[in-house]
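First comes the structure, then the notes that go with it.
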C-alpha cells in the first residue's frame, strides 16, 4: 500500500452535517484510506463556527485550535486543501465557495439553494479556476443520485425523473394518510420529532425539493435553469378530504418532482402534490425516506431509494465527495466536477405541461352548481372523468362544501383558463385547489 | 470546450452487449463528450469476433476492417487504448484481460464468472501494471451498484446487502407465484421469451447470482473470496406447494443474495431461495428486474433497483466504465479501479449462519410421522413454529405427500444435523428441501 500525505479539510459549518463528517472520518478514516489503496488520507484542519466556546461545549473531542470564526482564515489556511461548505444560505456561503474556487481548493457542499439559485456564477468560477464543486450531499441525503446521473448514466439520454425528495413533506403526507391527521397536526408531529425545522416553510412549500430538482435537471440536461422558470406548489393545501379521495380511487398523494425531456428538447420540470398509483414503487416510499426514479434511454427504468436527510446519511455523501475531491487534486488536467455543457435549453412553460387533474372547489351548495362548473369545463373542451361532493356526516345540510372534479389530460394552461372562469361563478368561494394525477409509465 | 483526441476501444465480443456498446456510443457519443467538458471522446477501433462474415451480415453499419478473429491483434493494436471484454467464460477471457493489463490498457468487463473465479490473479496484475479493471456491467446490468459501493459509499462500513440479482430466476419465481405455473413451465416460458438461455443452468442453480454476490462482498470487505467457501442453492427445488405456502404466511419466495458483516468481522454470504415478507420493498421487485438493498453505517438503508440484464442496460454500465477508463488514462499515479485492500478475511461457514426455516419433507403418510420428525427436532433443540401437510384434492388418500415444517431461528449446521437424522426415518422418502425465512430488518 502506498503512503501519502494527509489532505486537510476546511469545514465551514459544524452543525448536524458538519459534525457528521467529523464523526465519519474518525470512525472510518482508515477504511477509506485502505479502499483507495493508501492514496487518500483526510483530516479536518480547520472548522468555521459562529461561537467557538459553544462549539467546544457540544463537541468535546475537537481540539480548540481547529476552530475559527473568520471564513477568510479558513479558506486561506495553507493547511486547508479542500473546503466543505455546510453553513447554508446563499450569501456567506457564496463568498466562501467563490473564494475557495479562486484559491483552487476543491469544494464540497450540501447547499442546494446556493447551487440552484447561484450555480451559474459558481460553475463559471469552477471552470475558470479548473477546480471542481461536488454536491452529492445537496440532493437526497445519502442516496448517491448525483454521481449516478453524472457518472453512471453518462452514456444515457435521461428521459425522465420522478422523485420524492423532501422527507419532511413525505412524512407529513404519510401521517395524513395513515393516521388521518390534518396537515397542521401532522406538521406539528414532524416538528416534535425533529423531522421539520421550526420554520418549515421551504419543506412544505415545495422549494427545498424544487432546488434539488433543479440540480438534477441541470446535471441531466446540462444547462443552467432559472428557478423562476419552473412551477412549484407545496403541500399546505392538501386536506384530509384529498387524501381520502385519492385513496378511494387507488392513489396516494405524494409531493412529486417530475422532470421530463420532450422530443423537441424542452424540459418539463415541476414540483407539486400529485396523485400517484398505489401500485407504483414510489407509492411505497414511506416516512422521511427519499426515492428518485430515473429513466435512461440505455439503462431503462431505475430507482434509487434511501435516507434523504439526517446527519450520517448526508455526511456519507459529503465524505464520498471529499474522496473525489482529494483524488482530483492529483489530476493534471480537467476535473471530475460538473460543468454546464449546454449554453441554453428550454424549460417547458407550465401552461404546456399535460396531465390528468384532481380539482377541489369550495362551493356554496345549491342546485345547479355541478352543471355550471361542468358547462365551463365543456366550453373549454376539458373532459370530466368523475365528480363527487363528499357529504359531511357531522353536518349533512351544510351550506358550504367541497366539490371534487377528476379531469382528463389537458394542458395546464387550458385548465387555468377554465378555472379562472369558474372562479367567477358566485357559488365558488375560493381559489380551486389542483393536484396532478400522474400515470408514471 | 476543450478538444481532445479520440480514444480507441477494442471490443472483444460482439454479441448482445457488445453491439449495445456500439449502438450507445453511436447514439450518445456527442452527449458523452459534452458531459465530460470535451475531455472524453471514444470510438471503436477493433472488434474481436469468431466469424467476421457472420458479424457483417448481422451488423450492417460496422466497417469490415474493424473485425479481427485474433485477440492478440486486438490487444496489441496501437489504435486500441481500452479493452472491453465481453466474450464470457474464464479461459480466453482471462488471457485477453491479462494481456491488456500487461499492455497497460485499462479493461472494462461484464464477466462476473471471470472476476469471481479468477479475480485474485487479475487484480494482482491490475496492481502490478497500475492499470484498472472496471466491472460495473458484471453485476446487475444497468444498476450502478459497483460504483455505489466503491465510490459513493466509500465512507461507509457496509453492514449488509440483500439482493435480487438474477432476473431469470426472479421471472420464473414470479410466474410460479402469479400464474401458478410449475418450475418447468415457467422456465420454458422464460426461454421462449429470451429471458433464459438455452442452457439455463447458471441462472437457476444460483451461481450467476453467486458470482455477482462474490464481487459485491469483495468490494465491500476488500478481500478475495473463494467461491468454494460460500453456500449456494438454486430455485430448481421450488415447487408450487412452496409458493402457495409462502403466500398463505405473508411471504413471497425470492432467490436472495444475503451478505452481512458480523461483529467479529466474519462475512456471511449465501445465495438461496428465501421467504421474504410480502411488505418488504424487495418483494415488489418483479419480472426480470434486479434490486440490491444496501445498509451502510452512515448512509443507512438504501435500495438500488433497475434492469439487471439486457443489451442496453448492460451497455449503459459498460459505457460508464469506458468513460472512467478514459479518464484514468490521464491520471498520473494510481488508478480508480478496485484493488483488494485486505490480505484476508473470514467467510462465515454456512453452518454458523442463522435464520428461521421452511422445510419440506416428502413423506409416506402414516400415523406418527409428525411425531417422529418433531421428536428429532426437539432432541436437537430446534423449535417448531408450525407444521402442515397439504392434502392433494385430486388424491386425498395419497400414500406419499409433502409435509412442511416452519422452524425457529437456529444455526444452519444444527438444522443439517437434525435433518440428517430425520432422513434416516423410513417414512422420509427423499432429501428434505430447505428454504430460509428472512426477516430483512
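Annotations
- Against the test of being within 29 Å of residue A:240 (Cβ to Cβ) and at pLDDT 95 or above, the options A:417, A:387, A:355, A:364 yield a single qualifying residue, A:355.
- Some residue of segment A:347-367 being within 28 Å of residue B:28 (Cβ to Cβ), more than 11 Å from every other protein chain (Cβ to nearest Cβ), touching a strand residue (DSSP E or B) at 6+ places or on another chain (Cβ under 8 Å) and part of a helix (DSSP H, G or I): yes
- Taking segment A:200-230 as the range and being over 11 Å from the mean Cα position of the chain (by Cα) and not in a helix (DSSP H, G or I) as the test, the residues that pass are A:200, A:205, A:222, A:223, A:224, A:225, A:226, A:230.
- If you go through segment B:36-54 and keep only what is away from chain A (no Cβ under 14 Å), in a loop (DSSP other than H, G, I, E, B) and surrounded by 19 or more Cβ atoms within 10 Å (Cβ to Cβ), you end up with just B:49.
- Any hit, segment A:245-258, residues being crowded, with 21+ Cβ neighbours inside 10 Å, assigned to a helix (DSSP H, G or I) and not assigned by TED's automatic domain parsing to the domain that holds residue A:85: yes
- For residue B:66, the stated conditions hold: it is within 24 Å of residue B:320 (Cβ to Cβ) and over 23 Å from the mean Cα position of the chain (by Cα).
- Test: residue in segment A:80-90 that is over 28 Å from the mean Cα position of the chain (by Cα) and away from chain B (no Cβ under 13 Å): yes
- Among (1) closer than 17 Å to residue B:180 by Cα; (2) outside any loop (DSSP other than H, G, I, E, B); (3) modelled with pLDDT of 95 or more, the one test that residue B:235 misses: (2)
- Answer residue from segment B:292-321, given it is more than 8 Å from chain A (Cβ to nearest Cβ) and surrounded by 24 or more Cβ atoms within 10 Å (Cβ to Cβ) and is nearest to residue A:308 (Cα to Cα) among those: B:294
- Within segment B:1-15, considering residues that are surrounded by fewer than 22 Cβ atoms within 10 Å (Cβ to Cβ) and within 13 Å of another protein chain (Cβ to nearest Cβ), the one modelled with the highest pLDDT: B:4
- Taken together, B:130, B:51 contain a single residue that is modelled with pLDDT under 95 and at positive phi, which is B:130.
- Annotation: of all residues in segment A:282-291 being assigned to a helix (DSSP H, G or I) and surrounded by fewer than 21 Cβ atoms within 10 Å (Cβ to Cβ), the one that is farthest from the other protein chains (Cβ to nearest Cβ) is A:283.
- Selection status of residue A:387, in contact (Cβ under 8 Å) with a residue 24 or more places away in the chain, outside any loop (DSSP other than H, G, I, E, B) and either more than 9 Å from every other protein chain (Cβ to nearest Cβ) or crowded, with 21+ Cβ neighbours inside 10 Å (or both): no
- The condition of being under 27 Å from residue B:17 (Cβ atoms), surrounded by 22 or more Cβ atoms within 10 Å (Cβ to Cβ) and modelled with pLDDT of 95 or more holds for only one of B:156, B:205, B:166, that being B:166.
The values are calculated or read from the model by the stated rules, or taken from the named source; none is laboratory data. Just so we're clear, the structure is a prediction, and the values are computed from it rather than from any experiment. Neighbour counts run over all protein chains shown; Cβ positions are idealised from the backbone, glycine included.
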